[in-house]
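Data block below; observations after.
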Amino acid sequence: MEKINSLLVFGVKPGLDRMKMLLNIMHNPQDKLKYIHVAGTNGKGSVCNMTARILTAQGYKTGLFTSPHITGFGERMQIDFVQIPEEDIIEEVEKLFPLVEFLKKFNVIITEFEFVTAMAFDWFAKNKCDYVVLETGLGGRFDATNVVHVTLCSIITSISLDHTAVLGDTLEKIAYEKSGIIKMGRAVVYNPQEECVNSVIEKTAEKKGCKVFIPQKAELLSSNLRGSIVRYGDKEIMLPLLGEHQIKNISLVLCAVDVLRGLDVEISDDAVRSGIQSVKIPARFECISDDPLVILDGAHNPGGLKALAGSIDRYLIDKKIICIMGMLKDKDSKTALEYLKGKLYKVITTQINDNPRRLTAEELKNIVQDYFPDITAEENVENAVKKAMEIAGTTENSAVLICGSLYLASQVREIICKGE
């Protein structure tokens, strides 16, 4: 893990040349696999998880690649929801790291995400996965995952402003980058959203000779803190994930299932139901404690905070919410926080451990003071958790909410679960 973490987090410049060079000297393991490729600003993890659960329930050996991790590094690459074992991590790093050092001699600098992606391709190929559900890391066009060729379908989730310094400062530019995963002649699944986004996706698909599939509208029949009942067409399905945004995500997944069936991938209705019912994703409006009520959510950009605000209105509308918040500097925090205005009882700003992109607790406090009346800055995450739990313990009808970053969610989850 020290070797992996020693690599550059971001590349010197966008492009797939470095990744292709590394994979070439690895004998291109990615070409031995079939993919469902997923890009978007919000909802990628949920869509990937649901899709992989269905394929596993059908009996296919299914690889799942997502990022970042919440519970541990092994979460990033799984086969049938068994995380990569430690001995396989060691074997992969010992095999691949010398290749990274070899390329470095020629001034080809492999980033951390490129290395981890290549490692996943090698591990999935070695284990002869039938299908791999592949989540992009950043963008799509120049994302390290976008070296795959045998894509059964591309799924594009909701698009909003995020990583604007890299992907562009308009929805059109970001949609263009995300649409980069669309492959010649392959199916594309997406939910209509802003017209400027729809136009980019449709034009890209047309240019590449792709058929576009638009999901039916899913209907939320009932919902509580333990899950939702959703109707899609003539099917009613139990979805353990919360929030109205998840209704859009499940519609993408069910539409993709129909696309795969059209490609002679056998998927039964029973596999769909049992797969979705088994979904568990950390830090997606996740209830990790009942007394006091503690909700963990990795929302960190305008689209994510908008979805979180909707979930608050549905599930926590009568609660006094004590919020632990930590964010990164490269996020559009002001636009995102507008969605939470008036919904939080107290806010404790904190700072994400060991992340050079973090806002300090004081910096974040200065930003959020325009949105919330009662704010405390606490640098130490563990102390912030302790303080929030103490306030919840003495405040009637309260709930603790953690949001602002998946990295923060990971740290807080570990603290709270360790304390149980």
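The values are calculated or read from the model by the stated rules, or taken from the named source; none is laboratory data. These numbers were taken from a predicted model, which means no experiment stands behind them. Every residue, glycine among them, receives a Cβ derived from its backbone with ideal geometry; neighbour counts consider all protein chains shown.
Does the stretch 113-128 include one or more residues that are of a type in the set (Lys, Arg) and surrounded by 17 or more Cβ atoms within 10 Å (Cβ to Cβ)?
no
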Tell me whether the stretch 304-315 contains one or more residues that are of a type outside the set (Phe, Trp, Tyr) and without any contact (Cβ under 8 Å) to a residue 24 or more places away in the chain. no
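Between Val108, Val150, Val100, Val93, which is modelled with pLDDT under 95, more than 26 Å from Thr51 (Cα to Cα) and either touching a Cys at 6+ places or on another chain (Cβ under 8 Å) or not acidic (Asp, Glu) (or both)?
On the way: Val150 fails: more than 26 Å from Thr51 (Cα to Cα); Val100 fails: modelled with pLDDT under 95; Val93 fails: modelled with pLDDT under 95.
The unique qualifying residue is Val108.
In the stretch 165-217, what count of residues is obtained for those that are small (Gly, Ala, Ser) and more than 30 Å from Val230 (Cβ to Cβ)?
Of the stretch 165-217, the ones small (Gly, Ala, Ser) are 165, 168, 175, 179-180, 185, 187, 199, 205, 209.
With more than 30 Å from Val230 (Cβ to Cβ) added as a condition, the list becomes 165, 168, 180, 185, 209.
Looking only at that region, the number is 5.
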Filtered residues of the stretch 289-335 (kept if under 20 Å from Ile416 (Cβ atoms), in contact with a Ser or Thr (Cβ under 8 Å, 6 or more places away or on another chain) and of a type in the set (Asp, Glu)): Asp297
Within the stretch 194-216, count every residue that is in contact with a Ser or Thr (Cβ under 7 Å, 6 or more places away or on another chain) and surrounded by fewer than 19 Cβ atoms within 10 Å (Cβ to Cβ). 1
Of those in the stretch 1-56 that are over 30 Å from Lys306 (Cβ atoms) and basic (Lys, Arg), the residue surrounded by the most Cβ atoms within 10 Å (Cβ to Cβ) is Arg18
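Condition check ((1) surrounded by fewer than 19 Cβ atoms within 10 Å (Cβ to Cβ); (2) over 14 Å from the mean Cα position of the chain (by Cα)) across all residues:
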{"position": "Arg284", "(1), (2)": "no, no"}
{"position": "Ile288", "(1), (2)": "yes, yes"}
{"position": "Pro292", "(1), (2)": "yes, yes"}
{"position": "Asp313", "(1), (2)": "yes, yes"}
{"position": "Lys319", "(1), (2)": "no, yes"}
{"position": "Met325", "(1), (2)": "no, yes"}
Please determine whether any residue of the stretch 402-410 is touching a helix residue (DSSP H, G or I) at 6+ places or on another chain (Cβ under 7 Å) and either free of Cβ contacts under 8 Å to residues at least 40 places away in the same chain or surrounded by fewer than 14 Cβ atoms within 10 Å (Cβ to Cβ) (or both). no
Can you pull out every residue in the stretch 164-205 that is modelled with pLDDT under 95 and of a type in the set (Phe, Trp, Tyr)? Tyr176
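For the condition in contact with a Cys (Cβ under 7 Å, 6 or more places away or on another chain) and farther than 19 Å from Ser160 by Cα, what is the one hit in Ile281, Ile295, Ile312? Before you say what the answer is, go through the steps one by one.
Numbers: Ile281 fails: in contact with a Cys (Cβ under 7 Å, 6 or more places away or on another chain); Ile312 fails: in contact with a Cys (Cβ under 7 Å, 6 or more places away or on another chain).
Every option except Ile295 fails the conditions.
Which residue out of Leu252, Leu316, Leu296, Leu308 is in contact with a Pro (Cβ under 8 Å, 6 or more places away or on another chain) and either among the acidic types (Asp, Glu) or assigned by TED's automatic domain parsing to the domain that holds Pro356 (or both)? Outline the logic, then answer.
Values: Leu252 fails: either among the acidic types (Asp, Glu) or assigned by TED's automatic domain parsing to the domain that holds Pro356 (or both); Leu316 fails: in contact with a Pro (Cβ under 8 Å, 6 or more places away or on another chain); Leu308 fails: in contact with a Pro (Cβ under 8 Å, 6 or more places away or on another chain).
Selected residue: Leu296, the only one of Leu252, Leu316, Leu296, Leu308 that is in contact with a Pro (Cβ under 8 Å, 6 or more places away or on another chain) and either among the acidic types (Asp, Glu) or assigned by TED's automatic domain parsing to the domain that holds Pro356 (or both).
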How many residues are closer than 27 Å to Leu293 by Cα, surrounded by 16 or more Cβ atoms within 10 Å (Cβ to Cβ) and among the small types (Gly, Ala, Ser) when one looks only at the stretch 217-233? 3
Considering the stretch 200-232, residues that are without any contact (Cβ under 8 Å) to a residue 40 or more places away in the chain, touching a strand residue (DSSP E or B) at 6+ places or on another chain (Cβ under 8 Å) and small (Gly, Ala, Ser), and then whichever is nearest to Leu254 (Cα to Cα), we arrive at Ala218
Within the stretch 201-256, which strands (runs of 3 or more DSSP E) (wholly inside it) include 3 or more residues that are in contact with a Phe, Trp or Tyr (Cβ under 9 Å, 6 or more places away or on another chain)? 219-224
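Looking at the stretch 263-284, can you tell me whether even one residue there is in contact with a strand residue (DSSP E or B) (Cβ under 8 Å, 6 or more places away or on another chain), small (Gly, Ala, Ser) and not in a loop (DSSP other than H, G, I, E, B)? Spell out how you get there, then give the answer.
So in the stretch 263-284, the residues in contact with a strand residue (DSSP E or B) (Cβ under 8 Å, 6 or more places away or on another chain) come out as 263, 265, 269, 272-273, 276-277, 279, 282-283.
Applying the additional criterion that residues be small (Gly, Ala, Ser) yields 283.
From what is left, the residues that are not in a loop (DSSP other than H, G, I, E, B) are none.
No - not one qualifying residue is present in the stretch 263-284.
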Any idea which of (1) more than 20 Å from Thr41 (Cα to Cα); (2) modelled with pLDDT under 90 is the one Lys334 doesn't satisfy? (1)
Which numbered condition Asp330 misses (of (1) closer than 17 Å to Ile312 by Cβ; (2) among the charged types (D, E, K, R); (3) surrounded by fewer than 16 Cβ atoms within 10 Å (Cβ to Cβ)): (1)
Within the set of pairs 6 or more residues apart or between chains, which connect a residue that is under 21 Å from Ala52 (Cα atoms) inside the stretch 273-297 to a residue that is among the acidic types (Asp, Glu) with Cβ atoms less than 7 Å apart? Ala283/Asp297; Arg284/Asp297; Phe285/Asp297
